[in-house]
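Q: One structure, as structure tokens, below. Some questions next.
The values are calculated or read from the model by the stated rules, or taken from the named source; none is laboratory data. Since the structure is predicted, the reported quantities are computational estimates derived from the model, not experimental observations. FYI the Cβ positions are ideal-geometry reconstructions off the backbone, even for glycines, and counts take in every protein chain you see. These accessible areas exclude ligands, DNA and RNA; they are computed on the full protein's heavy atoms, side chains included. Shrake-Rupley method; radii C 1.70, N 1.55, O 1.52, S 1.80 Å.
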Amino acid sequence: MARQLGREVAREVGLEQQDQTRVATALSEVARLLLAEAGSADVAFAIGRDRVPTLLVEMEHPTPGDEGRLTAQLGIVGRLVDTLEVGDSETGTVVRMSRRLPPGAPPLTTERMDDIRARLDAHVPGSPLDELAVQNQQLIAALDEVRAQRDDLARLNAELEETNRGVMALYNQLSEELEETNRGVVALYAELDEKSVQLRAASEAKSRFLANVSHELRAPVTAIIGLGRLLADESSDRLTADQTRQVDLIRSSAADLLSLVNDLLDLAKAEAGRIEPNLADVDLRGMFGQLRGTLRPLATRPEVEFVVEEPGVPVMRTDEVLLAQVLRNLLTNAIKFTAEGSVRLSVTRVGDDAEFEVADTGAGIPPELHERIFEEFYQVPGSHALSGKGTGLGLPYARRLAGILGGAMRVTSEPGKGSTFIVSLPLGSQ
Ligand code: ADP
């Protein structure tokens with residue numbers, strides 16, 4: 001009867017078919033144990049409404065102190081419900097069970113509860129044979145379901161195995177590819193390292209060669225200039241007009257050669273890392289004054305205004321000689337390549353840098369050549385019509401020096417409008 005009522009109640013409150021069987025079986029098992037012990041037991045059903053509606057069942061029998069033994073025997077029954085606890089009550093031993101109702105269960109209003117109570121009152125328990133038939137039905141349904149689940153599980157396992165095989169194959173393929181790529185990358189790096197060592201060695205050899213050759217050339221070229229001067233001297237033997245012209249040609253060619261040799265030597269020294277900046281606090285007002293004085297004689301064209309502005313940074317920590325060299329190269333170029341307008345030197349502070357600007361309104365440089373003019377010996381075609389030949393080494397040298405001073409050099413320029421060379425150098429701590 002406990003079993004039948006348990007199933008009825010479970011059905012009425014909305015538990016699903018399987019849960020009804022679970023509750024009924026749990027109840028029947030607890031009732032069997034209690035009745036075997038005491039011969040009678042009370043069963044009470046209730047609905048808990050704590051968070052989710054829950055079916056509560058309480059069974060009590062009048063033998064106290066049975067708690068330990070019952071707990072041991074009911075271990076497996078606990079799996080059929082959500083909670084199962086055994087405790088001592090004032091009158092005997094009590095077993096409490098609970099099972100949560102599914103979310104879709106119809107709400108248990110007072111009317112429905114009354115209704116359920118009335119139907120349970122009217123319930124006539126079936127005979128043990130009827131109950132056996134019901135139990136058999138349930139067992140068959142449960143076994144069926146177990147088999148269906150086992151089949152499902154087997155199918156899922158097979159699928160999973162296949163997926164695993166696929167994943168493993170993919171993984172193996174990917175690892176192989178990755179390994180191969182890695183091997184390639186490692187080989188590439190090794191090659192790159194080797195190449196950069198070779199490049200560095202080649203570049204050092206070139207700098208050394210240039211430095212040695214230009215150094216060796218300086219003495220004979222200076223001698224040629226000196227001898228030329230002697231030949232042309234008034235106090236020497238008189239030369240014919242032709243000879244005078246030839247000696248003048250020798251002297252001016254030798255002077256050109258000397259300036260080329262000097263520029264080469266400077267650049268080679270800078271490239272070989274042989275120039276060490278000598279840092280000190282530099283008074284830019286003084287330096288600008290000197291540049292104004294030494295370069296004004298070069299700015300001979302009346303159509304060109306030569307302006308050295310008041311420095312916007314009074315003092316900075318740098319190498320005075322190298323900085324003056326950089327600015328002198330840029331200003332000489334600006335004066336050389338400007339037919340009219342102005343050449344202007346200024347410096348302003350930008351963040352932690354001093355930005356020197358040499359701006360002219362001269363020939364300008366086409367945008368595609370803005371990097372090439374920093375290559376050794378490169379000269380913009382036709383640019384020397386105005387100024388006579390140069391060496392093509394001034395800008396590469398100036399950029400090297402800016403780098404040695406911890407800064408950088410860039411250019412903005414538009415053909416026909418003019419050029420601005422910007423040197424930004426760290427102010428340094430003063
Ligand atoms: P050089 O002046 O001796 O030819 P540089 O290395 O100083 O060599 O300059 C390289 C080339 O860049 C110059 O030949 C010239 O064509 C171009 N250039 C440099 N400065 C300017 C400038 N301010 N305006 C126009 N062209 C310039």
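Q: May I ask you to give the solvent-accessible area per residue for the range 285-430, in square angstrom, as obtained with a 1.4 angstrom probe?
A: 47
Q: I'd like to know which of GLY406, LEU129, THR420 lies farthest towards the positive end of the charge dipole of the chain, counting +1 on Cβ of Lys and Arg and -1 on Cβ of Asp and Glu.
A: Toward the positive end, the furthest listed residue is THR420.
Q: Calculate the translational D of the range 237-280 in whole µm² s⁻¹ from Stokes-Einstein, where the hydrodynamic radius comes from the Kirkwood formula applied to all Cα pairs, the temperature is 20 °C and the viscosity 1.002 mPa s.
A: Roughly 162 µm²/s, to the nearest whole number.
Q: From the phi of every residue in the range 52-64, what ³J(HN,Hα) in whole Hz does the Karplus formula 6.51 cos²θ - 1.76 cosθ + 1.60 yield, where θ is phi - 60° and glycine or proline is x?
A: For the range 52-64, the Karplus curve yields 10, x, 9, 7, 10, 10, 10, 10, 10, 9, x, 9, x Hz.
Q: Let me ask something additional. Would you kindly derive the ³J(HN,Hα) couplings of the range 333-350 from the backbone phi angles with the Karplus curve 6.51 cos²θ - 1.76 cosθ + 1.60 (θ = phi - 60°), listing them in order in whole Hz, with x for Gly and Pro?
A: 4, 4, 5, 4, 9, 10, 8, 8, x, 8, 10, 9, 10, 8, 9, 9, 8, 10
Q: Provide the packing ranking of 408-415, 89-96, i.e. peptides ordered by the mean count of other C-beta atoms within 10 Å per residue, highest first.
A: Ranked from most to least packed, the peptides come out as 89-96, 408-415.
Q: Restricting attention to the alpha-carbon atoms of the chain, what are Rg (one decimal) and Dmax (integer), both in Å?
A: Expressed in Å, the Cα Rg and Dmax of the chain come to 51.8, 156.
Q: Also, quick follow-up: Suppose we look only past 23 Å in the calculated P(r) of the range 223-355. What percent of the Cα-Cα pairs does that tail hold?
A: 55
Q: Still on this structure, please answer the following. Between the helical axis of 394-404 and the dominant principal axis of the chain, each derived from Cα atoms, what acute angle in degrees is found, rounded to the nearest 10?
A: 50
Q: Cα axis of helix 2-13 to longest principal axis of the chain: angle in degrees, 0 to 90, nearest 10?
A: 50
Q: Further question: Suppose every K and R has +1 on its Cβ and every D and E has -1 on its Cβ; what is the size of the dipole of the range 100-187 about the Cα centre, in Debye to the nearest 20?
A: 260
Q: Using the Cα centre of the chain as origin and beta-carbon charges of +1 (Lys, Arg) and -1 (Asp, Glu), tell me which of THR110, SER342, ALA26 is placed farthest towards the positive end of the dipole.
A: Result: SER342.
Q: When the Cα centres of the range 229-285 and the range 138-204 are compared, how far apart do they sit, in Å?
A: Centre-to-centre distance over Cα atoms comes out at 71 Å.
Q: Could you work out the helix-only [θ] at 222 nm for the chain, with each DSSP H run of four or more residues adding -39,500 (n - 2.57) and the total divided by the number of residues, to the nearest 500 deg cm²/dmol?
A: Rounded to the nearest 500, the figure is -19000 deg cm²/dmol.
Q: Where in the range 198-240 are there GluC sites (Glu not before Pro) that are in a DSSP coil and have at most 13 other Cβ atoms within 10 angstrom of their Cβ?
A: Of the GluC sites (Glu not before Pro), the ones in loops of the range 198-240 whose Cβ has at most 13 other Cβ atoms within 10 Å are GLU234.
Q: Taking the Cα centre of the range 264-419 as origin and charging only Cβ (+1 Lys, Arg; -1 Asp, Glu), how large is the dipole, in debye to the nearest 20?
A: In debye, rounded to 20, the range 264-419 gives about 380.
Q: Further question on the same structure: In terms of the Cα gyration tensor, with a ≥ b ≥ c the square roots of its eigenvalues, is the range 36-148 rounded because a/c is under 1.5, prolate because a/b exceeds b/c, or oblate?
A: rounded
Q: Still on this structure, I have one more. HN-Hα J couplings of the range 149-159 from phi, Karplus 6.51/-1.76/1.60, θ = phi - 60°, integer Hz, Gly and Pro as x?
A: 5, 5, 4, 4, 4, 4, 5, 4, 4, 4, 4
Q: Still on this structure, please answer the following. Residues of the range 11-47 with the amide nitrogen closer than 20 Å to a label point 7 Å from the Cα of THR91, along Cα-to-Cβ, please.
A: 30-47
Q: Excluding PRO64 itself, what net charge comes from residues whose Cβ is under 9 Å from its Cβ, given Lys and Arg +1 and Asp and Glu -1?
A: -4
Q: If the elastic network links every pair of Cα atoms under 10 Å, which of ASP283, ASP115, ASP352 fluctuates the most in the Gaussian network model of the chain?
A: Answer for the Gaussian network model of the chain: ASP115.
Q: Placing +1 at every Lys and Arg Cβ and -1 at every Asp and Glu Cβ, with all other atoms neutral, what dipole size does the chain have around its Cα centre, in debye to the nearest 20?
A: 1900
Q: Quick one: angle between helix 284-295 and the longest Cα principal axis of the chain, in degrees between 0 and 90, rounded to 10, please.
A: Roughly 40 degrees, rounded to the nearest 10.
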